[in-house]
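The values are calculated or read from the model by the stated rules, or taken from the named source; none is laboratory data. Because the structure is predicted, anything quoted here is derived from the model rather than measured. Don't worry about glycine lacking a Cβ; one is built from the backbone with ideal geometry, like all the others, and counts go over all protein chains shown. Note: areas computed on protein heavy atoms with side chains; ligands, DNA, RNA excluded. Shrake-Rupley method; radii C 1.70, N 1.55, O 1.52, S 1.80 Å.
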Amino acid sequence: MTAITESVRLEREGDIALVIIDNPPVNALSHHVRQGILDGVTQAAQSDATAIVVICDGRTFIAGADITEFGGAPKPPSLQAAQDAMENCSKPVVAAIHGTALGGGLEVALCAHFRVAVESAKFGLPEVKLGLLPGAGGTQRLPRVTGVAHALQMVTSGDPIGTSEALECGLIDEVVDDLRAGAVAFAQKVVAEGRALARIRDRSEKLADGTPELFADFRKGIARKTRGFLAPENNIKCIEAAATLEFDAGVARERELFGEVMASTQSAAQRYYFFAERAAAKIPDVPSDTPQLDIGSCGILGAGTMGGGIAMNFANVGIPVTIVERNSEALDRGLAVVRSNYERTASRGGITQEQVEERMGLITGSTDQSAFADVDMVIEAIFEDMDLKKEVFAGLDEICKPGALLASNTSALDVNEIASATSRPESVIGMHFFSPANVMKLLEVVRGDASSDTIVATAMAMGRRVNKIPVLVGVCRGFVGNRMLFARRLEADAIILEGATPAQVDKVIYDYGMPMGPYAMSDLAGLDIGWKADTSTSSTVREILCESGRRGQKNGRGYYTYDPETRASTPDPEVEQMIRDFSVAQGHEQRDVTDQEVLERCLYPMINEGAKILEEGIAIRGSDIDVVWINGYGWPVYTGGPMFWADTIGLPEVVAKIEDYHAKLGGEHWELSPLLKRLADEGKRISEYSN
Ligand code: 3H9
């Protein structure tokens, strides 16, 4: 064994040399890894070894460039120097892959003459998710192996493929059982057979499908999903270069397009988000080795839209679920919706018909809460009524076994008060899923004053197990997400009384990058949620609309009118007139409100509220707030979320605007957060703030 650098060593197995990378946690391509590959391969080539295997210790093959090195001055050697050493080596070089060969990792593997992998390995170019593109020749080599259509799919989705697909498209040469022994045996076979050392860069036979029509169709196909993002288009341009230029010219074009995205605010935001999501999993006072409950079953109270969606998350990962409803009609209705959701996924090829049956088989319905007697956790998903929730939790306290986790899916209510209805507040916690619960990634885990560390750790772990992104928050009205949403709504409702229309507000928010604006969202949710005809007093625009029979999308009339066939929305002049009449009667002067003002007045109160949330310790970190908004409400990840966006604008400017609006408009939501002011004065960033 010879140490080459701190993370790379050289070993021998008979006449095969092994260049072994050991750079935990994910063998990222730090400068000493690049140096190690360069020197290791060079030394092995000069030795009497007949072939070279590049292989990794630990849990994975190289998972990409070291993202923490981005943004600083580049450290030598370049990745290309290490890749050239492999690709131009006169002896066969075999990449031995386990875990995830991602980004720069796969780009290194593509410079080997051969690739073998264990069955469980995955291969991908996820750079687009960091607002980047594979900048080490990956966009030029991948289509030469997989064909253009396949490569386009991989670089624009960023999603990895498994071994069977990789074998089929030629990305790997062989699947081996034991990585090291299998790779060595493969290398010996290559030597014995005297196989030619094929360099991917010299191949072009797979590029033939790269026609202009293919690119045009592909762009059209992903346009909706990639709206607002810069990186997907640059990735496509790179693959176009591969299909139309010589290899070296293609690499030069790739470098140019990589430079563009690397310098963009979008990529800085997306790289920030990568670490923000991982930071959210860490709770400073609940260490990762905190004992957790062993959860083997889950009860859900309520088979409505939320309850059914939550149940699907558990069934999807093989956890048996018991759903309880008041009566069998409501239960049957809820279960039928779950089934039809699964059937729809199956009809689109997302899961097989057997999986539909398997998952439905894990869901048991009952109208008797005593069915919860043996479950390890229960999630209450009934409507938002404190008295009812307290009654329910008192009942669960009687029925559930000692130690069971008792969660409420409340979206705004006081978890401490709910917990007080039980004799075991330490077992009670909020688990706030976002609608549709089977789709949205966010889970707000709401820690009550008494929630035990075990319950907190278990709720966070369960969130991850059901494929959500859990964020720990504290108790306040609306927690992090909805509390900030309320602030936006207050101001949006004020602007439409001054002359902006709901359609203008929605368009500004949509153009900023959110999936929809506040009024389209209201129409979708239903205008009459929480509205009662007998207590309605025509005192808000929403009340007036509800009183005139407008219920939102469900009856085709809300802030917009909806085409009964296509569900397409059109701004409604009648609604605009109703709003004008109402605001004139209230004494509001009408004026043209600019789009910039709409944007600032909708989003700056959210930043201010976010800062207050941090000040009160409701969120642990500024970045946690961004994780909430990106995953719960579709805030565009390419701006980094509300806190990172505020830093991008510059906190002093944001503070000045908030003070300005407060002076003009008044209102508690415009009262400047002292924390925001302090950070602005000290030149600090709110996205980096941590309690
Ligand atoms: C690239 O390659 C550009 C190229 O084209 C070259 C151009 C010239 N760097 O996710 P986990 C840390 S761009 C630095 O919890 P898992 C991570 O922060 C890169 N650090 O584990 C965490 O740290 P901590 C393309 C990294 O098992 C720890 O490792 N590659 C990197 O759930 C464990 O991570 C990617 O985008 C990195 N590249 O998942 C792959 N990756 O423990 C990004 C991870 O302190 N990585 N860390 O919180 C992943 O997708 C997942 O980490 C992976 C493992 C699937 C590998």
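Descriptive notes on the structure:
- Charged-residue dipole, Cβ positions (Lys, Arg, Asp, Glu), the stretch 595-688 about Cα centre, Debye nearest 20: 100 debye
- Taking the DSSP bridge list for the chain and keeping only pairs wholly inside it, about 35 percent are antiparallel.
- Proximal aspartates and glutamates relative to K237, as straight alpha-carbon distance under 19 Å, when same-chain residues fewer than 8 apart are discounted: E107, E127, D159, D209, E213, D217, E246, D248, E254, E256, E260
- Förster radius 41 Å - calculated FRET efficiency between V175 and T2 (Cβ-Cβ, nearest 0.05): 0.85
- Centre-to-centre, using Cα atoms only, the stretch 503-532 and the stretch 8-46 are separated by 55 Å.
- Once the C-beta distance of S90 and T244 is scaled by a Förster radius of 35 Å, the resulting FRET efficiency is 0.65 to the nearest 0.05.
- Extension gain for the segment S204 to K664, taken as residue separation times 0.36 nm less the Cα-Cα distance, is 159.1 nm to one decimal.
- Between 0 and 90°, nearest 10: helix 328-347 axis offset from the chain longest Cα axis: 30 degrees
- Here's how it looks for I4: its modeled amide H is under 5 Å from those of R9, L10, which are all 5 or more places away or on a different chain.
- Relative contact order (percent, whole number), the chain, Cα cutoff 8 Å, 6+ residue spacing: 8 percent
- Computed P(r) (all Cα pairs; the stretch 536-691; 10 Å bins; percent): 10, 29, 27, 25, 9, 0
- Phi-based couplings in Hz for the stretch 184-194 (Karplus 6.51, -1.76, 1.60; Gly and Pro marked x): 5, 4, 5, 4, 5, 5, 4, 5, 4, 7, x
- By the rule of a C-alpha distance below 28 Å, with chain neighbours fewer than 8 residues away ignored, the lysines paired with K554 are K225, K389, K441, K507, K532.
- Table column - 3J(HN,Hα) (Hz), the stretch 590-603, Karplus curve with 6.51, -1.76, 1.60, x for Gly and Pro: 9, 8, 7, 9, 6, 4, 4, 5, 4, 4, 5, 6, 7, 9
- In this Cβ point-charge picture (+1 for Lys and Arg, -1 for Asp and Glu), the stretch 2-262 has a dipole of about 520 debye about its Cα centre.
- Dipole moment magnitude, nearest 20 debye, the chain about Cα centre, only Lys, Arg, Asp, Glu C-beta charged: 960 debye
- Using only alpha-carbon positions in the chain, the gyration tensor eigenvalues give semi-axes of 49, 31, 25 Å once each is multiplied by 5 and square-rooted (largest first).
- Across the alpha-carbon atoms of the stretch 298-477, the computed radius of gyration and Dmax are 15.3, 47 angstrom.
- Taking Cα atoms only, the orientation of helix 31-46 departs from the longest principal axis of the chain by about 20 degrees.
- The stretch 14-58: equivalent-ellipsoid semi-axes (sqrt of 5 x gyration tensor eigenvalues, Cα, Å): 21, 12, 5
- Between the amide H of T364 and those of V321, T322, I323, distances stay under 5 Å, these residues lying 5 or more places away or on another chain, with hydrogens modeled in the peptide plane.
- Sulfur and carbon atoms: percent of accessible area, the chain [1.4 Å]: 52 percent
- The stretch 637-691 versus the stretch 463-502: alpha-carbon centroid distance in Å: 17 Å
- Three semi-axes of the equivalent ellipsoid, the stretch 1-140, Cα gyration tensor, whole Å, largest first: 22, 16, 14
- With θ taken as phi - 60° and the Karplus curve 6.51 cos²θ - 1.76 cosθ + 1.60 applied, the whole-hertz 3J(HN,Hα) list for the stretch 310-326 is 5, 4, 4, 4, 6, 4, 4, 10, x, 9, x, 10, 10, 9, 10, 10, 5 Hz, x standing for glycine and proline.
- Placing a pseudo-label 7 Å from each Cα along the Cα-to-Cβ vector at Q577 and L167 gives an inter-label distance of 7.0 nm.
- For the stretch 113-137 versus the stretch 340-417, the gap between their alpha-carbon centres in whole angstrom: 39 Å
- With the helix formula -39500 (n - 2.57) applied to DSSP H stretches of n ≥ 4, the chain reaches a computed 222 nm mean residue ellipticity of -14500 deg cm²/dmol.
- Cross-link pairs beyond the 21 Å C-alpha cut-off, checked among K91/K189; K657/K684; K401/K468; K657/K677; K91/K122: K401/K468; K91/K122
- Using the alpha-carbon positions of the stretch 2-262, Rg (one decimal) and Dmax (whole number) come out as 17.5, 55 Å.
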